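Colleague: Here you go, one structure.
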Amino acid sequence: MLKTILTLAMAAAIAPTPAADRVADRVVRKDWKVRGGAGRLGVREVRPAGPARGRPVLLLHGARVPGIASFDLPVPGGSLAADLARRGHRVFIVDARGYGASDRPAALDEPPSANPPAVTGEQVVSDLGSVVDRLRATTRHDRVDVVGWATGGHWAAWYASEHPDRVEHLVVYNSLYGAIDGHPVLGRGSDYEDPARPGRFDDARHGAYRLSTGPGLLGGWDSSIPVEDESEWRDPRVAAAYVEHAMASEPTSADREPPSFRAPTGAMKDSFHLATGRRLWHAGTITARTLVLRGERDFWSREGDVTTLVADLGRARDVRSVTLAGATHFAHLDRAGHGRDRWLDEVSRRLHGPVTTAARAAGPAAAATGA
């Protein structure tokens, strides 16, 4: 039944619609590369057809599905990047190394068991710095705004904690922070714990990367929707496009049966550490104006992640914490009345808020290209 629904929905998602065409006409997209510490990083720019305003806005994906599938699906209600661009922002969707359009470490071309978890948080934060440096060099702004979903929020805040002078606004959305021990699916007693070494991630079992199938992407989303007819809560075209673009992000997905894509396991090792009470960075050094968002029905972050993060943001110029009532982990991809509209309103207000650092006096922004 799920396969039939998914097949029909994917056909609807792929077919062009007048609404989708009108949306596409109001934004401009450009895919480019920037050199990171271990290869080239894929970045998609989504900007208004007319003049953009404000600082560059970076969108960071989570532990499994890369940037375009997370933030720029070509169906109505599927592109946060386009929605933000239509509100005047110049948006940059960043793929971490090993994901999407970014170069993949050599460990991803070997059997998973041949290497330890690939792509650590430290590496992603370093690569994020390469993208920020490029944007600072090619726009009129010394600071950027960074929005991260789930593990992307962990990476975004980690970067902001190490480079407080380069982030103006920070949005941490459905993310772990690590100040509390205990998690229903990620922490102690889970499949990620080494049975011979309690409290340690099982490197040998999980290896460098994991494989995900299309239907496997929807399980957690399906189970968190509290109505029998999921189409009332989530547009089937959005779900189908999410699966389609996640699978398309992997050049070898069709080489396996069933088709599957690779995602580095380093993010899961980091998440296990955060779920067992280990901070990998400290929010006390962040100075950005910070918005912490959490869906009430989120299965990834915990209420304690929000309260401890907010408590530690003592140096932030402004902090706002919002619980999206009834919303799931995928609020930005659910229908408007189930968290998406509130998400956009909260983030847009934050990004349009006051700033403390004026933009540099410079000529027209140069096009961002990569070596």
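Colleague: Counting C-alpha atoms alone, how compact is the chain: give Rg to one decimal and Dmax as a whole number, in angstrom.
Modeller: 19.4, 60
Colleague: Sort out for me the Cα centre separation of region 87-119 from region 180-217, rounded to whole Å.
Modeller: 19 Å
Colleague: Rounded to a whole number, what is D in µm²/s for region 40-121 from Stokes-Einstein with the Kirkwood radius over alpha-carbon pairs (10 °C, 1.306 mPa s)? Don't skip to the answer; put the middle values down first.
Modeller: Details: Rh = 13.9 Å.
For these conditions, the coefficient is 114 µm²/s.
Colleague: Ok, one more. Under the √(5λ) rule applied to the eigenvalues of the Cα gyration tensor, what semi-axes describe the equivalent ellipsoid of region 152-194? Give them in Å, descending.
Modeller: Working: eigenvalues 154, 19, 13 Å².
Over the Cα atoms of region 152-194, the ellipsoid semi-axes are 28, 10, 8 Å.
Colleague: Across region 40-57, in residue order, what do the Karplus-derived ³J(HN,Hα) couplings come to in whole Hz, using 6.51 cos²θ - 1.76 cosθ + 1.60 with θ = phi - 60° and x for Gly and Pro?
Modeller: Values, residue by residue: 8, 10, x, 9, 10, 9, 10, 9, x, 5, x, x, 9, 10, x, 6, x, 10 Hz.
Colleague: Could you give the distance between the Cα centres of region 219-263 and region 154-175, to the whole Å?
Modeller: 28 Å
Colleague: Here is a follow-up. Before I look further, what does region 82-139 give for accessible area per residue, probe 1.4 Å, in whole square angstrom? Intermediate values should be presented prior to the final figure.
Modeller: Details: 1940 Å² over 58 residues.
The answer is 33 Å² per residue.
Colleague: Can you tell me the alpha carbon radius of gyration of region 43-174 divided by the globular rule-of-thumb value 2.2 N^0.38 Å?
Modeller: Numbers: Rg = 14.9 Å, N = 132, 2.2 N^0.38 = 14.1 Å.
My calculation over the Cα atoms of region 43-174 gives 1.06.
Colleague: Right, next: Could you work out [θ]222 nm for the chain from helices alone, using -39500 (n - 2.57) per DSSP H run of at least four and dividing by all its residues? Round to the nearest 500 deg cm²/dmol.
Modeller: -9500 deg cm²/dmol
Colleague: Related question: Would you mind telling me the share, in percent, of accessible area of the chain contributed by carbon and sulfur at probe 1.4 angstrom? Numbers along the way, then the final one.
Modeller: Numbers: 7800 of 14850 Å².
The C+S portion of the solvent-accessible surface of the chain is 53 percent.
Colleague: Beyond 15 Å, how much of the Cα-Cα pair distribution for region 176-262 remains, as a whole percent?
Modeller: On the way: 2651 of 3741 pairs.
Looking at region 176-262, the distances longer than 15 Å represent 71 percent of pairs.
Colleague: In µm²/s, what is D for region 78-119 at 37 °C and 0.692 mPa s, where D = kT/(6 pi eta Rh) by Stokes-Einstein and Rh is the Kirkwood radius from Cα pairs?
Modeller: Reported coefficient: 258 µm²/s.
Colleague: Tell me, what HN-Hα J-couplings in whole Hz come from the Karplus equation 6.51 cos²θ - 1.76 cosθ + 1.60 at θ = phi - 60° for each residue of region 111-122, using x for Gly and Pro?
Modeller: Result, ordered by residue: x, x, 5, 7, 9, x, x, 8, 6, 7, x, 4 Hz.
Colleague: What is the magnitude of the charge dipole of the chain about its Cα centre, with +1 placed on the Cβ of each Lys and Arg, -1 on the Cβ of each Asp and Glu, and no other charges, expressed in debye to the nearest 20?
Modeller: Details: 48 positive and 45 negative charges, 278 e Å.
I would put it at about 1340 debye.
The values are calculated or read from the model by the stated rules, or taken from the named source; none is laboratory data. Here the structure is a predicted model, which is why all the values come from computation and not from measurement. As a convention, Cβ positions derive from the backbone with ideal geometry for all residues, glycine included, and neighbour counts pool all protein chains shown. Remember, those area values only see protein heavy atoms, side chains included, never the ligands or the DNA or RNA. Shrake-Rupley method; radii C 1.70, N 1.55, O 1.52, S 1.80 Å.
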